[in-house]
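Everything below concerns the one structure shown next.
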Amino acid sequence: MCPASNSSTRWCPTPEQVMILEEMYTRGGIRTPNASQIQQITAYLSLYGKIEGKNVFYWFQNHKARDRQKLRKLLNHHHHHLLSYPDSRPPPVLPQVSHYSSVGFLPQVIDLIYGK
């Protein structure tokens, strides 16, 4: 997504950096790294290309925000689906999404929706 000749100050992560950050977020469970973790992650990712601590900080912040946005869309879509096709039982009462800092509760919501 970055221009071929990047004369701006915008950070353009390498594919390796993105892959490693995704792994840390998904499998490592890192959502909001502290200052020390940001330093360590930045040092490691610098092996794969130019990067600063603020890039790591904002990557995690943006990724978490996008996850929340996807979750809200998913829950809204499912809520509208339930209203469009009601069955004999009332739709489940779901917790307010805005009170959760990550999508870590998604499996419980899915279980609640499907009655598991």
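The values are calculated or read from the model by the stated rules, or taken from the named source; none is laboratory data. Model, not experiment: these values are computed from the prediction. Positions of Cβ are backbone-derived with ideal geometry, glycine not excepted, and every protein chain shown enters the neighbour counts.
Quick notes
- Selection within region 7-47: residues that are among the basic types (Lys, Arg) and within 20 Å of the chain's Cα centre (by Cα). The member of this set that is modelled with the lowest pLDDT is Arg27.
- Cβ-Cβ under 9 Å pairs, at least 6 apart or on other chains, region 33-62 side under 19 Å from Arg10 (Cα atoms), far side in a loop (DSSP other than H, G, I, E, B) and hydroxyl-bearing (Ser, Thr, Tyr): Leu45/Thr14; Tyr48/Thr14; Gly49/Thr14; Lys50/Thr14; Ile51/Thr14; Phe60/Thr32; Gln61/Thr32
- Among the residues of region 7-47, the ones that are of a type outside the set (A, V, I, L, M) and part of a helix (DSSP H, G or I) come to 14 in all.
- Some residue of region 82-93 being within 13 Å of the chain's Cα centre (by Cα) and either modelled with pLDDT under 60 or more than 18 Å from Glu16 (Cα to Cα) (or both): no
- Selected residue (only one of Thr32, Thr9 is of a type in the set (Val, Ile, Thr), within 16 Å of His63 (Cα to Cα) and surrounded by fewer than 13 Cβ atoms within 10 Å (Cβ to Cβ)): Thr32
- Just one of the listed residues (Lys50, Lys70) is part of a helix (DSSP H, G or I) and at pLDDT 85 or above, and it is Lys70.
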